[in-house]
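K.L.:
One structure coming up, written as structure tokens, with questions to follow.
The values are calculated or read from the model by the stated rules, or taken from the named source; none is laboratory data. Bear in mind that the values here come from a model prediction, so they are computed numbers and not experimental data. No Cβ is skipped: glycine too gets one built from the backbone with ideal geometry, and neighbour counts run over all protein chains shown. Ligands, DNA and RNA are excluded from the accessible area calculation, which covers all protein heavy atoms including side chains. Shrake-Rupley method; radii C 1.70, N 1.55, O 1.52, S 1.80 Å.
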Amino acid sequence: MISALNRRDLLRLLIVAPAAAHLPAVAPAAAAPAGPAAPGILKPLPPEIFTVRGTNAETKPAALRATGLLTPADHFFVRNHTSTPRIAESDWKLTVWGSGLHGRRPVDFSYGRLRSLPSVTRTAVVECAGNGRSFYTTQQGETVTGTAWTLGAIGAARWRGVRLRDVLHYAGVSSSAVDVMPRGLDDPFVSNGVDLGRVRRPLPLAKALDDVILAYEMNGEPLPHDHGFPVRVIVPSWIGIASIKWLGDIEVSDTPLASPWNTDFYRLFGPAHPPSGSAPLARQTIKSAIELPLGATLEAGRTHRLTGRAWSAAAPVREVEISTDGGSHWRRTRLRDTPRRNGWVRWTADWRPHRTGPAELLARTTDRSGNTQPARSVHNTQGYLFDAVVRHPVTLV
Ligand SMILES: Nc1nc2c(c(=O)[nH]1)N[C@H]1C(S)=C(S)[C@@H](COP(=O)(O)O)O[C@H]1N2
Ligand SMILES: [Mo]
């Protein structure tokens, strides 16, 4: 039997291939395909919104200009280790199990049971630990492994779901528990020929009991398949890998847990770090993005309204400055939103360039804890937590 995904791909081939092969060059734009497919992503990826990178899709930072504070699901980046599974809510259950439960008895939650528990709604960004990674190479001349994201591996949404704290309580978490480990139902991840098992990462109990939710809605709709339907974890302010999609089970343990996602991946390795790597990464860092394509062309002699976004996982944003002369002079931008924890703010600044030729635009965020983006990020081999000011190239004509 053809799986849903294969059938879809087949349909796409049947519909698009003959059109592309036979239509004259004057074919109306409406006949254009939805964009390059990423293997394993189900939603359309129009090229004006997404850049496909392997099994992942990055939101073009310039495409965020058309969106509000919340990122619509059809604009939200996708980071898949393998491919999006199609799970029916009627087949789904969550199993909570392990040495950290009273009597070590596993407890199952059906979708209906989970939805009947008290719900909470909170706005939070999900941002990949590798967001901005490509700038280690293009701006700092350093070699890193991993998906070459620019600044679009982030989105903000309003998530509704159940507190993980409540689920652990109903499951009978004992006072000796130290770690929990949510695990996805997507296919096992194979890296360099080694099967690492299903995507999973330990979470310290203190964070699990704090602000983590098991979300079943995104921006008022059921979670889309690509974003974890029927239920995903949302770990506010932490790197994206903590927010496990397609949640299937949670191990609760009275001894510390490990997985490749907190030992080999998502630690800092390299000369500036301990030989065995840093501690497992937890919180995301601080960034800003300009909502223009890299290398955009702007007309000299007229005023441009520059727009962008700024965010910090440590605290609400305090200010965003821009420099249009490569970093010699800075001025404050206007913030369009009230800065909040776990969210981002939109900023604007007017700029009237007078000369023509290449130029660099820089945006720099400072948060209320006093963190400011540095001129350079400290290198790590896997290119995580890029926090430096991006030198955004433009051409003035
Ligand atoms: N089960 C599962 N959960 C996962 C992943 C995955 O591949 N499988 N990717 C993680 C990573 S690395 C990130 S950055 C976020 C991305 O969430 P999104 O695809 O909804 O944007 O999901 C995380 N949760
Ligand atoms: Mo990620």
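K.L.:
How much of the accessible area of the chain, in percent, comes from carbon and sulfur atoms when a 1.4 Å probe is used? Display every interim value, and only then the final one.
P.N.:
Numbers: 9560 of 17440 Å².
Its accessible area is 55 percent carbon and sulfur atoms.
K.L.:
For 254, 108, 226, what's the largest-to-smallest order of accessible area, 1.4 Å probe?
P.N.:
So, going from the largest accessible area down, we get 108, 254, 226.
K.L.:
For segment 346-397 and segment 308-336, what is the separation of their Cα centres, given in Å?
P.N.:
Cα centroid of segment 346-397 versus Cα centroid of segment 308-336: 8 Å apart.
K.L.:
I've got another one for you. With an 8 Å Cα cut-off and a minimum separation of 6 or more residues, compute the relative contact order for segment 154-290 in percent.
P.N.:
Working: 241 pairs, mean separation 36.5, N = 137.
Computed value for segment 154-290: 27 percent relative contact order.
K.L.:
As a test of reading the structure, rank 221, 291 by solvent-accessible area (1.4 Å probe, protein chains only), most first.
P.N.:
Values: 221 115, 291 15 Å².
From most exposed to least exposed: 221, 291.
K.L.:
Still on this structure, please answer the following. Which order do 231, 173 take by accessible area at a 1.4 Å probe, largest first? Could you put the intermediate results ahead of the total?
P.N.:
Values: 231 0, 173 40 Å².
The ranking, largest first, comes out as 173, 231.
K.L.:
Using Cα pairs closer than 8 Å and at least 6 residues apart in sequence, work out the relative contact order for the chain, in percent. If you can, show how the numbers build up before the last one.
P.N.:
On the way: 931 pairs, mean separation 62.3, N = 397.
Rounded, it is 16 percent for the chain.
K.L.:
Along the three principal axes, how long is segment 110-156 when you take its alpha carbons, biggest first, rounded to the nearest angstrom?
P.N.:
Computed over segment 110-156, the largest-to-smallest principal extents equal 52, 20, 10 Å.
K.L.:
What ³J(HN,Hα) values, in whole Hz, does the Karplus curve 6.51 cos²θ - 1.76 cosθ + 1.60 give for segment 141-157 when θ = phi - 60°, with x put for Gly and Pro?
P.N.:
Using θ = phi - 60°, the values come out as x, 10, 8, 9, 9, x, 4, 7, 4, 8, 10, x, 8, 8, x, 10, 8 Hz.
K.L.:
Just how much of residue 178 is accessible, in Å², when a 1.4 Å probe is used and the result is rounded to the nearest 10?
P.N.:
Number for this one is 60 Å².
K.L.:
Using a simple charge model, +1 on the beta-carbon of Lys and Arg, -1 on the beta-carbon of Asp and Glu, nothing else, what dipole does segment 267-397 show about its Cα centre, in debye to the nearest 20? Mind dumping the intermediate values first?
P.N.:
Numbers: 20 positive and 10 negative charges, 72 e Å.
Dipole of segment 267-397, to the nearest 20 debye: 340 debye.
K.L.:
Place +1 on the Cβ of every Lys and Arg and -1 on the Cβ of every Asp and Glu in the chain, take the dipole about the Cα centre, and give the residue among 52, 374, 277 whose Cα lies farthest towards its positive end.
P.N.:
In the chain, that residue is 374.
K.L.:
A further question on this structure: Out of all DSSP beta bridges with both ends in the chain, state the antiparallel percent to the nearest 5.
P.N.:
Details: 70 of 76 bridges.
Percentage antiparallel, nearest 5: 90.
K.L.:
Here is a follow-up. Under the definition of Cα pairs under 8 Å and six or more residues apart, what whole-number percent is the relative contact order of segment 280-340?
P.N.:
Values: 60 pairs, mean separation 18.6, N = 61.
After rounding, I find 30 percent.
K.L.:
Could you work out the helix-only [θ] at 222 nm for the chain, with each DSSP H run of four or more residues adding -39,500 (n - 2.57) and the total divided by the number of residues, to the nearest 500 deg cm²/dmol? List each step's numbers first, then the result.
P.N.:
Numbers: 6 runs with 46 residues, N = 397.
Calculated at 222 nm, the ellipticity per residue is -3000 deg cm²/dmol.
K.L.:
Now a separate question. Given the options 102, 393, 78, identify the residue whose Cα lies farthest towards the positive end of the charge dipole of the chain (+1 on Cβ of Lys, Arg; -1 on Cβ of Asp, Glu).
P.N.:
Of the candidates, 393 comes out farthest on the positive side.
K.L.:
Could you please state, rounded to a whole Å, how far the C-alpha centre of segment 200-214 is from the C-alpha centre of segment 118-139?
P.N.:
Measuring centre to centre over Cα atoms gives 17 Å.
K.L.:
Mind grabbing the accessible area of residue 90 for me, 1.4 Å probe, Å², rounded to tens?
P.N.:
100
K.L.:
Answer with one residue from 292, 87, 345: the one whose Cα lies farthest towards the positive end of the charge dipole of the chain, charges on Cβ with Lys, Arg +1 and Asp, Glu -1.
P.N.:
Of the listed residues, the answer is 345.
K.L.:
Then there's this: Working from Cα positions, state the angle (0 to 90°, nearest 10) between the long axis of helix 4-22 and the longest principal axis of the chain.
P.N.:
The two axes meet at around 20 degrees.
K.L.:
Debye sum, Cα scatterers, segment 133-203, no solvent: what log₁₀ I/I(0) at q = 0.18 1/Å?
P.N.:
-1.02
K.L.:
Could you tell me the center-to-center distance, by alpha carbons, between segment 50-91 and segment 233-249 in angstrom?
P.N.:
Comparing the Cα centres of segment 50-91 and segment 233-249, I get a distance of 15 Å.
K.L.:
Using unit Cβ charges (K, R positive; D, E negative) and no other charged atoms, how large, in debye to the nearest 20, is the dipole of the chain about its Cα centre?
P.N.:
Details: 47 positive and 33 negative charges, 163 e Å.
Computed charge dipole of the chain: roughly 780 debye.
K.L.:
On to the next question. How big is the Cα convex hull of the chain in projection, averaged over all directions, in nm²? Spell out each step's value before the answer.
P.N.:
Details: hull surface 90.3 nm².
Convex hull of Cα atoms, orientation-averaged projection: 22.6 nm².
K.L.:
When a/c is below 1.5 the answer is rounded, else prolate if a/b is larger than b/c, else oblate, so apply that to segment 286-396 with a ≥ b ≥ c taken from the square roots of the Cα gyration tensor eigenvalues. Spell out each step's value before the answer.
P.N.:
Values: a/c = 2.18, a/b = 1.41, b/c = 1.54.
Oblate shape, in that a/c is at least 1.5 and b/c is the bigger or equal ratio.
K.L.:
Additional query: Let me make sure I get this right: for segment 167-225, a, b and c are the square roots of the gyration tensor eigenvalues over alpha carbons, sorted descending. Under 1.5 in a/c it's rounded, otherwise prolate if a/b > b/c, else oblate. Which is it? Walk me through the numbers before you get to the answer.
P.N.:
Working: a/c = 2.66, a/b = 1.19, b/c = 2.22.
Cα axes put segment 167-225 in the oblate bin.
K.L.:
At 1.4 Å probe size, with no ligands or nucleic acids counted, give the accessible surface of residue 355 in Å², nearest ten.
P.N.:
130
K.L.:
Another one. Cα atoms only, segment 265-337: Rg and Dmax in Å?
P.N.:
So, for segment 265-337, Rg and Dmax equal 17.4, 54 Å respectively.
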